Amino acid sequence: MSTSAFIVPIDPKTPSSNIPNVDIAKTWATAPRGEKVDVGTTRIFYDTPATKITAITSLGENFSAKKGETKRELVRKSVGSAVKALKALDGLKEVTVDGSADPHAAAVAAHLALYNFSLKTTPPSPFNPNLKEPIPPRLEFKAVESSKEWDRGVTYAYSQNLARTLMELPANMMTPTAFCERAKAEFTGIENVEIFVRDEAWAANKGMNTFLSVTHGTDEPAKFLEIHYKGAPQKDAQPIAFVGKGITFDSGGISLKPGEGMKLMRGDMGGAATVVSATLAIAKLKFPINLVTVTPLTENLPGPSATKPGDIIYAMNGKSVEVDNTDAEGRLVLSDAIYYASTTYKPHTLIDVATLTGAIVIALGEVYTGVYSTSDELWERLHAAGEQEFDRFWRMPLSEDYGPQIYSSNADLCNTGGRPAGSCTAALFLKAFAHGIEAEDGSNTETAMKWAHLDIAGTMEATRPTPYQEKAMTGRPVRALIEYVRSLAN
């Protein structure tokens, strides 16, 4: 069997391709009649041309009549389906993709569809952290026609797959220290980047008491990772800030979670994984912006010194916080990180990303990421980026009317507000630490920091496969974050 193949997405009504010396219409016509040709329907032909395999894959009925985001997603589904069909063939090494319908979407889909995390030893796993030499990917992809759009799609997909790997690796392999080491390795050789790995003593000196309160139950050293990318022509230009929740394993602490399904909590650092991975792509693509990314990293475990329900802590901004439930730890680590980033670097925009609440899973499932924002402009840009990449967002209510649920305790704030509107009260809690956001009366609109909180607890994992992604950690919303920054840069 040949070691190389073509992928050719086609409109079934008018099949054509940019691949030279291949009559796609004639080849497609040799397939059995009456077969449904929904998007992703793939037919594999052998010995065409020059003994290569050709996978012709449908873009769906009436593809040419489709518009914008819909068309791009059909390309992803079509190419992803073809990759899934081809990767089952033994001996295949190289796949050339006709990405003429949308090179960026085709590149993204090809590389996401190939990804399959496993630490099984047969065959050897490329994800094994003890490897001395990297294992090449199962398939190598290239475009029929090279383009900046294809190359950009490859970069987007690499970063999303990196986030998936960081989230999939078990907690004994992805500790706070290991996370920082992997981040440093990924950024090696990339221009205009500085990385700082802070320790617990540094955090204590800064007064990050809510962050540190979560670290008390574990012996694993906590870290506070900062990545500074200065791609703007003016290196002192006001930056964007990303903040990512980095709980490398969440048992719930003293408020212990049920044992069933707890292994999923290895991915509770999904916020950190996605913002770091998005930052990597932004730096690789040399977008002309400045960006500061911060991630507080720790485990949340029960132990002799663990924080207890009812404890009251003074946060970095001076507010007192009552810990009603130690399993609501994400907002504790984020609160100091958001305040630190907003006051130290004074960004024009701050976006925090966190696997924060089970409530958002109930509200939106795994289809949309919940977004809470003080800025209509920021929401609109995020929404547009999410639609562009089919990494979609849904705006949720950020209202002070939920305030009594978290303000009626023995402290300024309580870290839970009960079951009703649990994701909304979590977002309102974080808002108290986003320094410089727009005042309620709109008096500082021109100078206010734009802030958005992204709750990715629902979208962190795919429980059912899609044409270009298997069941597993998703790495969302990496592509949407990159696309959002690209829209600003443009």
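Under the condition of being touching a residue at least 60 places away in the same chain (Cβ under 8 Å) and open to solvent by less than 60 Å² (accessible area, probe 1.4 Å), the residues counted in segment 393-423 number 10.
For beta carbons closer than 8 Å, sequence separation of 6+ or different chains, a first residue in segment 244-260 that is closer than 14 Å to Pro170 by Cα and a second that is of a type in the set (Val, Ile, Thr) and surrounded by fewer than 24 Cβ atoms within 10 Å (Cβ to Cβ), the qualifying pairs are Thr248/Thr175. Residues that are over 13 Å from Glu186 (Cβ atoms) and not basic (Lys, Arg) within segment 276-298 comprise Leu285, Phe287, Pro288, Ile289, Asn290, Leu291, Val292, Val294, Thr295, Pro296, Leu297, Thr298, listed in sequence order.
Kindly indicate whether Lys245 is open to solvent by 20 Å² or more (accessible area, probe 1.4 Å) and either modelled with pLDDT of 95 or more or touching a Pro at 6+ places or on another chain (Cβ under 9 Å) (or both). Working first, answer last.
Numbers: open to solvent by 20 Å² or more (accessible area, probe 1.4 Å): no; either modelled with pLDDT of 95 or more or touching a Pro at 6+ places or on another chain (Cβ under 9 Å) (or both): yes.
Considered against the rule, which asks whether it is open to solvent by 20 Å² or more (accessible area, probe 1.4 Å) and either modelled with pLDDT of 95 or more or touching a Pro at 6+ places or on another chain (Cβ under 9 Å) (or both), Lys245 comes out as no.
Of everything in segment 465-478 that's open to solvent by 10 Å² or more (accessible area, probe 1.4 Å) and touching a residue at least 40 places away in the same chain (Cβ under 8 Å), which residue is farthest from Met167 (Cα to Cα)? I'd like the intermediate steps shown before the answer.
Pass one, segment 465-478, residues open to solvent by 10 Å² or more (accessible area, probe 1.4 Å): 465-472, 476.
With touching a residue at least 40 places away in the same chain (Cβ under 8 Å) added as a condition, the list becomes 466-470, 472, 476.
Details: Thr466: 19, Pro467: 21, Tyr468: 18, Gln469: 15, Glu470: 15, Ala472: 10, Arg476: 11 Å.
The selected residue is Pro467.
Of the residues Thr295, Thr279, which is assigned to a helix (DSSP H, G or I) and either closer than 19 Å to Tyr345 by Cβ or free of Cβ contacts under 8 Å to residues at least 12 places away in the same chain (or both)?
Working: Thr295 fails: assigned to a helix (DSSP H, G or I).
Residue meeting the stated conditions: Thr279.
Selection within segment 324-374: residues that are assigned to a loop (DSSP other than H, G, I, E, B) and small (Gly, Ala, Ser). The member of this set that is nearest to Cys414 (Cα to Cα) is Ala328. Scan segment 166-198 for residues that are open to solvent by 10 Å² or more (accessible area, probe 1.4 Å) and in a helix (DSSP H, G or I) and the total you get is 8. Only a single item in (1) free of Cβ contacts under 8 Å to residues at least 12 places away in the same chain; (2) in contact with an Asp or Glu (Cβ under 6 Å, 6 or more places away or on another chain); (3) among the polar types (S, T, N, Q) is not met by Thr122, and it is number (2).
Scanning segment 84-111 for residues that are farther than 22 Å from Gly386 by Cα, touching a strand residue (DSSP E or B) at 6+ places or on another chain (Cβ under 7 Å) and part of a helix (DSSP H, G or I) returns Ala85, Leu86.
Across segment 248-255, not a single residue is classified as among the β-branched types (Val, Ile, Thr), open to solvent by less than 70 Å² (accessible area, probe 1.4 Å) and part of a loop (DSSP other than H, G, I, E, B).
The residues on offer are Thr447, Thr416, and the sole one that is over 23 Å from the mean Cα position of the chain (by Cα) and modelled with pLDDT under 95 is Thr447.
One residue stands out in segment 199-217 among those that are among the polar types (S, T, N, Q) and open to solvent by 20 Å² or more (accessible area, probe 1.4 Å): the one that is farthest from Met316 (Cα to Cα), namely Asn205.
List, please: which pairs have Cβ atoms under 6 Å, are six or more places apart or on different chains, and start with a residue in segment 170-181 that is of a type outside the set (Val, Ile, Thr) and end with one that is open to solvent by 10 Å² or more (accessible area, probe 1.4 Å) and in a loop (DSSP other than H, G, I, E, B)? Every condition considered, the pairs that remain are Met173/Pro129. Only one of the listed residues (Thr374, Thr343) is surrounded by fewer than 24 Cβ atoms within 10 Å (Cβ to Cβ), in contact with an Asp or Glu (Cβ under 6 Å, 6 or more places away or on another chain) and not small (Gly, Ala, Ser). That residue is Thr374.
The values are calculated or read from the model by the stated rules, or taken from the named source; none is laboratory data. Nothing here was measured: the structure is a model prediction, and the numbers come from that model. For neighbour counting, all protein chains shown are included, and Cβ atoms are generated from backbone atoms with ideal geometry for every residue, glycine included. Side chains are part of the model used for accessible areas, which takes the heavy atoms of the whole protein and leaves out ligands, DNA and RNA. Shrake-Rupley method; radii C 1.70, N 1.55, O 1.52, S 1.80 Å.
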